[in-house]
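Below is one structure, written out as structure tokens, with a few remarks after it.
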Amino acid sequence: MSEMIAAGLPGAMFLALIVALFSGAPVAIMLMGISLVFGALAISVGEMRVVQATLIPNRIFSGTIENAVLVAAPMFIFMGIIMEKTRLAEDLLLTLQRLMRVVPGGLALAVVLMGTVLAAATGIIGASVVMLTVLALPTMVERGYDKGLAAGTVASAGTLGILIPPSIMLVFMGDLLSVSLGHLFVAALVPGLLLSLAYVVYIVVRSALQPGLAPKSPPPTEADRAGLWLETVKSVVAPLILIISVLGSILGGIATPTEASGVGVFAALVLGLLRGRLNWRTLNASMDSSVKQLAMLFFIFVGATAFSYIFRIVGGEHFIVETARSLPFGDWGLLIAMMGMIFVMGFFFDWIEITLIMLPIFAPVVALMDLGDHVTSSEMIYWFAILVALNLQTSFLTPPFGFALFYLKGAAGTVITMRDVYRGIIPFVLVQLVVLGLCIAFPEIVLWLPQSLMQ
């Protein structure tokens, strides 16, 4: 009897995870509860010794809390919040709107460019979406933009930070997959910029075909032109310094991503001081917001660490690999199935939950995949990680639980309806899937830059 229970533990634990995810319970508590129940069962049937259970706290602290790579996460979060509180991003968006007001779809293009800069400078999704909504959405609606197009542009541009480095999600991915974070950052750069370019192309084409959806703004007056170039220089230089200080130090081999996060925080503080907007009140608010976000992230991380530890002990890794091998898909079919599963889960769960739970489960399967000459085995894990990151960006935009949609509607108030939001994001999700398909079909999009810079 004990042998039958022991043999069924991995499958039962995986099934319990799927059921619990859809229960609506807090993810961190749910993971800890499953770990406790199946840990006790494993001890009772002899699959795990009591001494192994006592190692869980040590694994959480030494493997997660004290992890040097994860130091980058709080620093990047802090850097992004400082940029928001000191209004450096706000200056750039307002300037871009003034510069591109006469271009068809110009306001929407300004939002996409701003989202790209914010992504490269902060990587904080909630702050980016709210900021773009408050500053750009009312203006776009007032100028006659289609509400769906305006909402979709703001939501999709605000979520670019999940992919373009320094992305917080990539920091966690690097740790979970035990790969070089610098290599992951470099690999994500071209796909992230390609996605931003795809948004631009979509907006330009649609604005040209349907001018009524994105009308031109009135020509600028002399008052509008006054001081524009000086303000442009001031607004562009600040985020440019921040991006160069972070990505430049990583790409140039001057600093590791963890060290670069500290450089980025220092640069953000200096820029805030130079603009005269950094004071004790702003600094205190930035630290308070950073601590709250980190507490939520690490609470889930602790639960995921406990779950993966117990799952591995009861033979979960072997169970997943054998199950994957038994499927009649082949390696290509298996890759598409994993991408499909992540895409569907994105309708219901946040990237944090999907990343921390599913990546450790998928990683052993990916390590054994063979796609021939399409992708070498040494580069497979980096390619797969970027595919997952691209896929997970859709989770912010897909109903019913796309977090960017809630950020957008909450900040927009009565300016738009949820129907406008859902109608507007569909084309952008399709654009994301097209870019994902391109990266699957042409892995050089992901792998060319790391191969060029990190050999």
Can you compute the FRET efficiency between residue 209 and residue 20 using 1/(1 + (r/R0)^6), with r the Cβ-Cβ distance and R0 = 60 Å? Round to the nearest 0.05.
0.80
Order the peptides 78-87, 410-419 from the highest to the lowest mean number of other Cβ atoms within 10 Å of their residues.
78-87, 410-419
Would you mind putting 333-342, 367-376, 306-315 in packing order, based on average other-beta-carbon counts within 10 Å, highest first?
306-315, 333-342, 367-376
For Cα extents along the principal axes in Å, the choices are (i) 85, 49, 47; (ii) 79, 49, 42; (iii) 61, 49, 40; which was calculated from the structure?
(i)
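Using only alpha carbon pairs under 8 Å that are at least six residues apart, calculate the relative contact order of the chain and give it in whole percent. Let's see the in-between values first.
Details: 626 pairs, mean separation 114.2, N = 455.
With pairs under 8 Å counted, the relative contact order is 25 percent.
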Ignoring ligands and nucleic acids, residue 422 exposes an accessible area, probe 1.4 Å, in Å² to the nearest 10, of 80 Å²
Report the label-to-label distance for residue 448 and residue 377 in nanometres (one decimal), using points 7 Å from each Cα along the Cα→Cβ vector.
2.8 nm
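So how do 19, 204 rank on accessible area, 1.4 Å probe, biggest first, that is with the largest at the start? Please report the intermediate quantities before stating the final value.
Working: 19 95, 204 70 Å².
From most accessible down to least: 19, 204.
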Residue-normalised 222 nm signal for the chain, counting each DSSP H run of n ≥ 4 as -39,500 (n - 2.57), nearest 500 deg cm²/dmol, is -24500 deg cm²/dmol
Along the dipole axis of the chain (charges at Cβ: +1 for Lys and Arg, -1 for Asp and Glu; origin at the Cα centre), the most positive-end residue among 319, 40, 264 is 264
Solvent-accessible heavy-atom area per residue, rounded to whole Å², over the chain at 1.4 Å:
42 Å²
Taking R0 as 22 Å, what FRET efficiency do you get between residue 285 and residue 234 from their Cβ-Cβ distance, rounded to the nearest 0.05?
0.40
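The values are calculated or read from the model by the stated rules, or taken from the named source; none is laboratory data. As the structure is a prediction and not an experimental result, all values here were calculated from the model. We place every Cβ from the backbone using ideal geometry, glycine too, and count neighbours over all the protein chains shown. The protein model used for the area step is the full one, side chains on, heavy atoms only, and it has no ligands, DNA or RNA in it. Shrake-Rupley method; radii C 1.70, N 1.55, O 1.52, S 1.80 Å.
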